[in-house]
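Note sheet for the following structure.
Read-outs throughout are calculated quantities, based only on the coordinates presented, and are distinct from any laboratory measurement. Everything quoted here is computed from the prediction, not taken from an experiment. Here Cβ is always computed from backbone atoms with ideal geometry, including for glycine, and neighbour counts include all displayed protein chains.
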Amino acid sequence: QITLKESGPTLVKPTQTLTLTCTFSGFSLSSSGVGVGWIRQPPGKALEWLALIYWNDDKRYSPSLKNRLTITKDTSENQVVLTLANMDPLDTATYYCAHRRGLLEFDHWGQGTLVTVSS
Amino acid sequence: EIVLTQSPGTLSLSPGERATLSCRASQSVTSGYLNWFQQRPGQAPRLLIYSASKRATGTPARFSGSGSGTDFTLTISRLEPEDFALYFCQQYDTSRTFGQGTKVEIK
């Protein structure tokens, strides 16, 4: 059974760097074709894809946020870490991590974690 | 960037009726790599359809996806009470983008 869970701060100040951790079980991020992505959703708004890391350490980023994002993985700990620099109140959102494998994109999601940006 | 435009923004229907949701891409999704997700209030999205027309594990047969190129459709043949929710399309052909969503509400 695949499960994912996001963790990190619920409140950050403007200009700070957000660090979120996705801890997963039920799959290995060293298996061919597997990846973990991050998606966010501001309150009452649409989903926005942020970043994706593959089993071979290939990394993809949203073009609009590329300069602020970093995604890394720790295969032995079954974790993926996302950092988002220079936080702004517009970055207030629920942040989700999700699993992908082959053609199955984002077939399992974490419960999400709400991050509020405020001074 | 491929922009996905979903229509209508809100669909007001009664249980048992047919729902047709549209997702139009600003350029061709040549691979057909298009997903449909359902999101209920307070929950994470759930994958319903992948590669435009393949049902994900656990997706009821009343959900079907179709389309290619720039025009894609999600059809719910007969709405059940649990189907009233928010639906998003997403392409993973060129980078990744989501549509703005269609809300299916009870009429």
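Data overview
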| quantity | calculated |
| --- | --- |
| Violating pairs (Cα-Cα greater than 31 angstrom) within the set A:K5/A:K59; A:K59/B:K54; A:K13/B:K107; A:K45/B:K107; A:K45/A:K73; B:K54/B:K107 | A:K13/B:K107 |
| Equivalent-ellipsoid semi-axes of chain A, from the Cα gyration tensor, Å, largest first | 23, 14, 13 |
| Euclidean distance between Cα centres, segment B:40-69 to segment B:1-26, Å | 13 Å |
| With eigenvalues of the C-alpha gyration tensor scaled by 5 and rooted, chain B, Å | 22, 14, 13 |
| Burial ordering of B:K103, A:K66, fewest other beta-carbon atoms within 10 Å first | A:K66, B:K103 |
| Relative exposure of A:R40, B:R55, judged by other C-beta atoms within 10 Å (fewest first) | B:R55, A:R40 |
| Ascending count of other beta-carbon atoms within 10 Å, so fewest first, for B:E1, A:E48 | B:E1, A:E48 |
